[in-house]
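Report on the following structure.
Any read-out appearing in this document is the output of simple, stated calculations on the displayed coordinates, not a laboratory observation. Computed from a prediction, not measured in an experiment: that's the story for all the values here. Here the Cβ positions follow ideal geometry from the backbone for every residue, glycine too, while neighbour counts run over all protein chains shown.
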Amino acid sequence: MSAAERWDAKYADAREPGLPSEFVTGHADLLAGCATAVDLAGGTGGTALWLAQRDIDTTLVEVSQRALDVATSAAADRDVQLRTVWADLEAEPLPTAAELGNEHGWHAAVCANFLHRPLLDALGGLLAAGGIAFVQIATVDNLHVNARPGRPYLVERGELPELCRGLEPVGFDEGWFGDRHEARLIARRAV
Ligand SMILES: C[S@@+](CC[C@H](N)C(=O)[O-])C[C@H]1O[C@@H](n2cnc3c(N)ncnc32)[C@H](O)[C@@H]1O
């Protein structure tokens with residue numbers, strides 16, 4: 001079964017977007033001046049819609065057409081503009097910024113709860129100069145309390161900043177956020 005089929009099945013009963021990432025919403029100040037944003041593997045668009053509602057030209061990238069449909073419907077209901085792009089972010093080669101619809105790169109990028117190490121390595125290439133990235137991934141310590149996500153979807157302690165080569169860390173935090181043990185990185189592409 002492909003990733004698209006697997007995730008379409010998981011979202012089969014989804015009717016509303018999930019909640020926006022409080023990691024991102026809690027750093028709204030860092031989004032000042034960002035005119036464009038992309039949420040990579042952003043699910044049903046909770047965070048993307050939050051960004052779009054702040055008048056940021058936002059693109060939601062997903063492998064699940066079902067998730068994109070939920071987000072599109074919610075955008076219409078909320079009367080906000082949201083771009084949606086179907087793409088496989090584990091494809092080789094990875095899609096470029098231009099292929100995802102923005103040849104200039106985005107001012108902000110979000111990657112939450114989706115681990116594909118080559119994508120994080122390439123994240124700088126999706127950002128405009130000076131652009132900011134928010135990356136949030138559960139760590140292996142999360143397994144002490146939660147059986148999921150499974151081991152392939154978790155970063156090692158201290159690993160996340162190393163994965164985002166080419167970006168300059170602005171802030172890095174690792175620990176328990178509620179009942180999840182996560183690594184949270186904010187990083188910028190050099191100007
Ligand atoms: C755990 S969910 C996280 C969703 C959202 N980022 C969040 O934090 O709520 C993982 C997401 O990755 C998407 N995904 C899985 N494989 C993908 C791929 N190869 N390319 C693009 N998106 C993918 C799934 O459809 C799903 O929405």
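Can you give the local net charge around A138? Use residues other than it whose beta-carbon is closer than 14 angstrom to its beta-carbon, Lys and Arg +1, Asp and Glu -1.
Residues close to A138 contribute a combined charge of -2.
For the charge dipole of the chain, defined by +1 on Lys and Arg C-beta atoms and -1 on Asp and Glu C-beta atoms about the Cα centroid, which residue among W176, L127, Q65 has the Cα displaced farthest towards the positive pole?
W176
Need the full-extension length gain, L30 to A14, defined as separation in residues times 0.36 nm minus the C-alpha distance. One decimal, nm.
Here the segment from L30 to A14 would lengthen by 2.7 nm.
Considering only the other residues whose Cβ falls under 9 Å of the Cβ of A3, what net charge follows from Lys and Arg at +1 and Asp and Glu at -1?
Taking every Cβ under 9 Å from that of A3, the sum is -2.
As a test of the formula, what do you get for the chain when each DSSP H run with n ≥ 4 contributes -39,500 (n - 2.57) and the sum is divided by the residue count, at 222 nm and rounded to the nearest 500 deg cm²/dmol?
After summing the helix terms and dividing by the residues of the chain, the value is -6000 deg cm²/dmol.
All other residues with a Cβ under 15 Å from the Cβ of P152 taken together, and with Lys, Arg as +1 and Asp, Glu as -1, what is their net charge?
Summing Lys and Arg as +1 and Asp and Glu as -1 gives +1.
Please list the radius of gyration and Dmax for the range 3-189, considering alpha-carbon atoms only, with Å as the unit.
15.4, 42
Once you keep just the Cα pairs under 8 angstrom separated by 6 or more residues, what percentage relative contact order results for the range 3-189?
Over the range 3-189, the number comes to 17 percent.
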